[in-house]
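What follows is calculated from the coordinates using simple rules that are stated; it is not laboratory data. Please read all numbers here as calculations on a predicted model, not as lab measurements. With ideal geometry, Cβ positions are generated from the backbone for all residues, glycine too; neighbour counts draw on all protein chains shown.
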Amino acid sequence: MTLNEQHSSEWFTRAQAAIPGGVNSPVRAYGSVGGVPPFLASGKGAFVTDVDGNEYLDMVCGWGPMLLGHGHPEVIGAVQEAVSRGLSFGASSTVEVELAEEIARRVEPIEQVRLVSTGTEATMTAIRLARGYTGRDLVVKFAGCYHGHSDGLLAAAGSGLATLALPGSAGVPEAITSQTIVVPYNDLDAVRAVFAEHPGKVAAVITEAAPANMGIVEPDAGFNRSLAEIVHEHGALLICDEVLTGFRTGPAGWWGEEQSGRTLGGPEVSGGWTADIYTFGKVIGGGMPVAALGSTREIMAKLAPQGPVYQAGTLSGNPIAVTAGLATMRLADAGVYEAVDVAANSIAGMVCSAFDEVGLAYSMQRVGNLFSFAFGDGEALGWTGANGGPRNEAEVKNQETWRYPAFFHAMLEGGVSLPPSAFEAWFCSAEHGDRAMERMEAALPAAARAAAAA
Ligand code: PMP
């Protein structure tokens, strides 16, 4: 199959004139895989269609939100009904309360929730809240974890920065980055060392519940529990960033998966830990701009208007966006998670078989229904993860990334849209059923050969 790119090409030319790099978020630019990004016109279930009429199996799923697949009739219906009543009031609406209650119901340590519009705002506010609550300034983050694009969190971040190999961002003053201490992921001794070096100074450690922005990196067995212990021992707060994993890897996010001990072929996990602040986005908006932070009543009481930590938003809790999120969350029952898990198992298995078939060395990186692949021979490359794959950002960067563009484009030719970077997770929806599997199976052999030949 040769893709028809005429209209996407024309639009991309216009976009590059009108918008920096032609995109409104860097990872969309196909920077590391090359070529023309398709301009998408519509989506239904597991498939998306571009302006040239090419249909793709969608393994991006809006970068996470589309847990139920595109255009779920009940979500669309709820949004249409809400739209007919008005788009934005800048005043409270009932759906905001219902979504906050739904989040707190699912994640037991959470007593109160503040809704915002993006994951960036959620983590930025979580940091400010942690500082306001503890009266301390320093923040610890892990290299390769991405928490949005607020100034203090861009140091050694994953996602587009990993794809573009940027250590941080220009335009962020030294005075701000100096308040963020970056340590390697899965390295508890490094965390202990920071606390030893800066006694009484660290407000919070922020971590992705399971890292998914440098590809997937599996947390070591018991890593999150030990991390929580260390952080709490030193009077700091643990911020568990579930913007990506929240209500996607399971009904209570990755935190919930660890508590219930479900492994799905991923890492060994251990429950018995709680974070102090949780952040969410993506799924809780069902494809519209909703994100949130949640914590105990005591910590949340520090937020304005009750407390001195300021945070606000004209569109926070927007009724249309929240309606989409609430409908999505209400539909995301055990059956949905089971369907996503089944799809993830099948697709991950198919990809492994296709790579094995052509003798490609790789590691499948996996946390629950999220997965990614790192090309290369782990022993030769020095990967030290329990699964034989890369265990932190330095090891992640040591992979045969040059194989990815060839693989990616062969998959695209075969009608499968993968994340346009080796450093991103693959996403399934509950609609990734038989037709999705057929498409995947048909596209994989040629793509695996292309990757092996690269
Ligand atoms: N935290 C994590 C773990 C994320 O994956 C992302 C986005 N990919 C963010 C924060 C930022 O969210 P947003 O893009 O909505 O600002």
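Here are a few things to note about the model shown:
- Neighbours of Gly287, meaning other residues whose beta-carbon lies under 14 angstrom from its beta-carbon, give a summed charge of 0 when Lys and Arg score +1 and Asp and Glu score -1.
- For Ile181, the amide hydrogen comes within under 5 Å of the amide hydrogens of Val139, Val140, Lys141, counting only partners 5 or more places away or on other chains and with H modelled in the peptide plane.
- For Glu400, distant residues with modelled amide H under 5 Å away: Phe375, Gly376
- At least 30 Å along the helix axis (C-alpha) and Kyte average at least 0.5, DSSP helices within the chain: 334-357
- Estimated D of the chain in µm² per second, where Rh is the Kirkwood radius over Cα pairs and Stokes-Einstein applies at 37 °C, 0.692 mPa s: 147 µm²/s
- Ignoring lysines fewer than eight residues from Lys397 along the same chain, the ones with Cα atoms less than 22 angstrom from its Cα are Lys141.
- Rounded to the nearest 0.05, the FRET efficiency derived from the C-beta distance between Ala41 and Leu188 at R0 = 45 Å is 0.40.
- Residues Glu268 and Arg435, FRET efficiency given R0 of 35 Å [Cβ-Cβ distance, rounded to 0.05]: 0.55
- Of all DSSP-defined beta bridges confined to the chain, some 55% are antiparallel rather than parallel.
- For region 309-331 and region 419-454, distance of Cα centres in Å: 32 Å
- Over the chain, DSSP H runs of length four or greater, each weighted -39,500 (n - 2.57), average out per residue to a 222 nm ellipticity of -11500 deg cm²/dmol.
- Protection proxy ranking of 243-252, 84-93, 70-79 - average other beta-carbon atoms within 10 Å, highest first: 243-252, 70-79, 84-93
- Were the residues from Ala170 through Trp402 laid out at 0.36 nm apart, the gain over their Cα-Cα distance would be 80.9 nm.
- Net dipole in debye of the chain [+1 Lys, Arg Cβ; -1 Asp, Glu Cβ; about Cα centre; nearest 20]: 920 debye
- Gyration tensor (alpha-carbon) shape descriptor, region 73-331, a/c threshold 1.5: prolate
- Inter-label distance, nm, simple model (7 Å from Cα along the C-beta direction), Ala221/Asp333: 3.6 nm
- Near Met214, the amide H atoms lying under 5 Å from its own belong to Ser159; only residues 5 or more places off or on other chains count, and H is placed 1.01 Å from N.
- Inter-site label distance for Glu10 and Glu413 at 7 Å from Cα along Cβ, in nm: 2.6 nm
- With the simple model of a label 7 Å out from the Cα in the direction of the Cβ, Ala386 to Gln80 spans 4.8 nm.
- Beta bridge orientation in region 73-331: antiparallel %, DSSP, nearest 5: 35 percent
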